[in-house]
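Following: one structure in structure tokens, then a few remarks.
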Amino acid sequence: MKLFRKLAAAALAGVMALSLLTGCALGDATKENAMLKALQTVGDLYQVKVSESDSLSKKASGIFKAFKNAKGKAWDIDELRKTEGSSDISTSVTYKETDYRVVVLKMPKNAKDSTKWGYPADAILYSYSLNRCIEWDENGNGTLKVGFDVMNDAKLTDAQEKAEDYMVVFAKCLDSGTGSGSHA
């Protein structure tokens, strides 16, 4: 009977640990979906179809490392709202010989609510339009493929005292030689 109790306790501990890890993963997916929904909603206003690229999203940790090496700025949403006019909030990084534009946002409270991401989504689309990440067709319709991920308990610099949670959104820069990326 004692052996059964020990096995049951070990199994319960394993199940609890797994549910804790799954809970974090599900919470991050909800935050990512909220960001994607905000980007798509704002994109509809500008005739830009926004979609997530799984192949890009798989590169998120490497892109985030390149962003840290480039000493990019992480934006607080409230701080972002105070910037005057439209500004380029993305940072240029090169990862595995490919150029990307990266926006890193400090995770707001209620990050699972897509309305929290509305203003940043607008600023992201503006920045990606400036930096030729949106591919435009002859009818003035745009396509933007983004990758993103949540970086939990991360530090941007060694000097940063407290780790924070960040939303990393990035897009591949289009080849300027093809004519893509410019609005017709």
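The values are calculated or read from the model by the stated rules, or taken from the named source; none is laboratory data. Since the structure is predicted, the reported quantities are computational estimates derived from the model, not experimental observations. A quick note on method: Cβ atoms are made from the backbone with ideal geometry, for glycine too, and the neighbour counts reach across all protein chains shown. For the accessible areas, the whole protein counts, side chains as well, though only heavy atoms, and no ligand, DNA or RNA atoms are used. Shrake-Rupley method; radii C 1.70, N 1.55, O 1.52, S 1.80 Å.
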Can GLY140 be described as of a type in the set (Gly, Ala, Ser), farther than 12 Å from VAL102 by Cβ, open to solvent by less than 70 Å² (accessible area, probe 1.4 Å) and part of a loop (DSSP other than H, G, I, E, B)?
-> yes
Tell me, yes or no, whether the stretch 118-131 has at least one residue that is open to solvent by 50 Å² or more (accessible area, probe 1.4 Å), out of contact with any Lys or Arg (no Cβ under 8 Å at 6 or more places or on another chain), assigned to a loop (DSSP other than H, G, I, E, B) and not hydroxyl-bearing (Ser, Thr, Tyr).
-> no
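Looking at the structure I just gave you, is ALA29 at pLDDT below 80, within 19 Å of LYS112 (Cα to Cα) and under 20 Å from the mean Cα position of the chain (by Cα)?
Details: at pLDDT below 80: no; within 19 Å of LYS112 (Cα to Cα): yes; under 20 Å from the mean Cα position of the chain (by Cα): yes.
No: the conditions fail for ALA29.
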Pair list, Cβ under 7 Å, 6 or more apart: the stretch 140-156 residue in contact (Cβ under 8 Å) with a residue 40 or more places away in the chain and of a type in the set (D, E, K, R), other residue surrounded by fewer than 21 Cβ atoms within 10 Å (Cβ to Cβ) and assigned to a loop (DSSP other than H, G, I, E, B) = LYS145/SER53
